[in-house]
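Below: the structure, in structure tokens.
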Amino acid sequence: MKCVMAIDSFKGSLSSLEVGEAAKRGLLQALPNAEVDIVPMADGGEGTIEALLYVNKGKKIPVSVHSPIMEIVEAEYAVFEYNEIQHVFIECAQSTGLPLVPPAKRNPLKTNSYGLGEQIKDAIQKGYRHFILSLGGSATNDAGCGMLQALGWEFYNKNGEKLSHHGNPLLEVYDFSDQHVLPELKECTFIVANDVNNPFYGEKGAAYVFARQKGASDRDIEVLDQAMRRFAGLIKEHLGIEVQNIPGAGAAGGLGGGIASFLQGEMKPGVEMVMELVGLKEKIRDADLVITGEGSLDRQSSMGKVPYGVARLAKQFGIPVIGIAGRIDHDLGELNKVLDAAFSIQTECLPLEEAMKFEVASKQIEVTMNQMMRLIQAVK
């Protein structure tokens, strides 16, 4: 029997690799001769770097950058070979993430994405030209203006004065110039791992949907949306691109639109991108069973999450797929259409804090997997 473990992390408890290892131990206790292939998974956000480097030979490169409030923070990006080409993977949250801003200072009128541009610039200066950027969890709503400033774009207010890279430059942008942009950008390609389809502006756009959780008031949201509309007009005027028509342009406070229009970034669903980069299709093609899952299986799991993506892929090959999780909703919605079964790992009644401890969750995964395999063996 060949089994592929393609499970997301159980956030707060175990990494994707640790979940897979615990599940493998339980499976081999019941089926000692089974072939088990652990393929760490992620959706493009936290844990993706580890998943990519586990499967593809590569390295992490540390870099000091500015946080959304222009404090120096330590970040990193991954470099790995894919299709014989060196790729850089940058998790945008490492430089633009909400956790980098203390709650009392969260205000998208004053935050920017300059640090992300510094990450990209550092990789370019080291000779890399192919980038994958994962969006999500940002503290910013600057449409990528800060990022673009770090890469050499210059923005001007209505008086023609050059804007600083402090605060949110989007609010005052009335014109821009690419005269001093890094020339190497012409050689670069960008893929954007993005699981939202929100437009750039409007009631379903970046400001109205996401800015409140970043600290914006009702009035702030109106101000940000108006600035997004004005910037979209500038993009149309200078670049000939209708950024509002790009699905996902509103992701990460408009970073999606900024990358798609200024850097010609190509949008891809995060899970699908990760599955491609780790070669999951080839790994499960001849499998007898696929195990997937995450910390919580619920109706939202079918919205760009790992279990749904993995299960859909397994179904293309007619392979049985089982989901495991710390908790499972009574109604899994669309997920029930692609999973053959789903099991909670909870083997005993414990307080949440206790159940999420590494050693407890690890053992429960192991026990649950062992019981599942014994059942499969018994009914054959």
Per-residue Cβ contact counts at 10 Å, fewest first, order MET369, MET356 as MET356, MET369
If every Lys and Arg gets +1 and every Asp and Glu gets -1 at its Cβ, then about the Cα centre region 30-85 yields a dipole, in debye to the nearest 20, of 140 debye
Loop-resident GluC sites (Glu not before Pro) in region 262-363 with no more than 15 other Cβ atoms inside 10 Å, DSSP not H/G/I/E/B, are GLU348
Result: in region 241-380 the number of Lys pairs with C-alpha under 28 Å apart, spaced 8 or more or on different chains, is 22
Candidates LYS357, LYS281, LYS11; GNM for the chain (alpha-carbon contacts under 10 Å) flags as most fluctuating LYS357
Restricting to Cα pairs under 8 Å and 6 or more apart, the percent relative contact order of the chain works out to 19 percent
Checking rank on 19-26, 256-263, 137-144, 215-222, with mean other Cβ inside 10 Å and highest first, the result is 137-144, 256-263, 19-26, 215-222
Its Cα gyration tensor gives region 81-182 an equivalent ellipsoid whose semi-axes in whole Å, largest first, are 25, 19, 9
With label points set 7 Å from each Cα along the Cα-to-Cβ direction at ASN33 and PHE358, the distance between them in nm comes to 3.6 nm
Highest GNM mean-square fluctuation among VAL36, VAL88, VAL192, for the chain with Cα springs under 10 Å, belongs to VAL36
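Need one number: % antiparallel among DSSP beta bridges in the chain, to the nearest 5.
Of those bridges, close to 40 percent are antiparallel.
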Sparse-neighbourhood loop hits (GluC sites (Glu not before Pro), region 135-188; DSSP loop; Cβ within 10 Å at most 15 others) -> GLU161
In degrees, nearest 10, the alpha-carbon axis of helix 16-30 is tilted away from the dominant principal axis of the alpha carbons of the chain by 10 degrees
Output for region 46-151: GluC sites (Glu not before Pro) sitting in coil per DSSP, at most 10 other Cβ within 10 Å, listed by number, reads GLU84
Computed about the Cα centre, the charge dipole of the chain from +1 Lys/Arg and -1 Asp/Glu charges at the Cβ has a magnitude in debye, to the nearest 20, of 300 debye
Taking only the alpha-carbon positions of the chain as identical scatterers, the Debye log10 I(q)/I(0) at q = 0.14 Å⁻¹ comes out as -1.13
Once amide hydrogens are built 1.01 Å from N within the peptide plane, the residues lying 5 or more places from GLU76 or on another chain with amide H under 5 Å from its amide H are VAL63
With Cα coordinates, the longest principal axis of the chain makes an angle with the long axis of helix 306-316, in degrees rounded to 10, of 60 degrees
Percent of all alpha-carbon pairs of region 237-380 at distances over 27 Å, whole number, is 38 percent
So the angle from the long Cα axis of helix 114-125 to the longest Cα principal axis of the chain, reported in degrees to the nearest 10, equals 80 degrees
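Every number here is computed from the coordinates shown, using simple stated rules; none is lab data. Here the structure is a predicted model, which means the values were calculated and not measured. Note: ideal-geometry Cβ built from the backbone for every residue, glycine included; neighbour counts use all protein chains shown.
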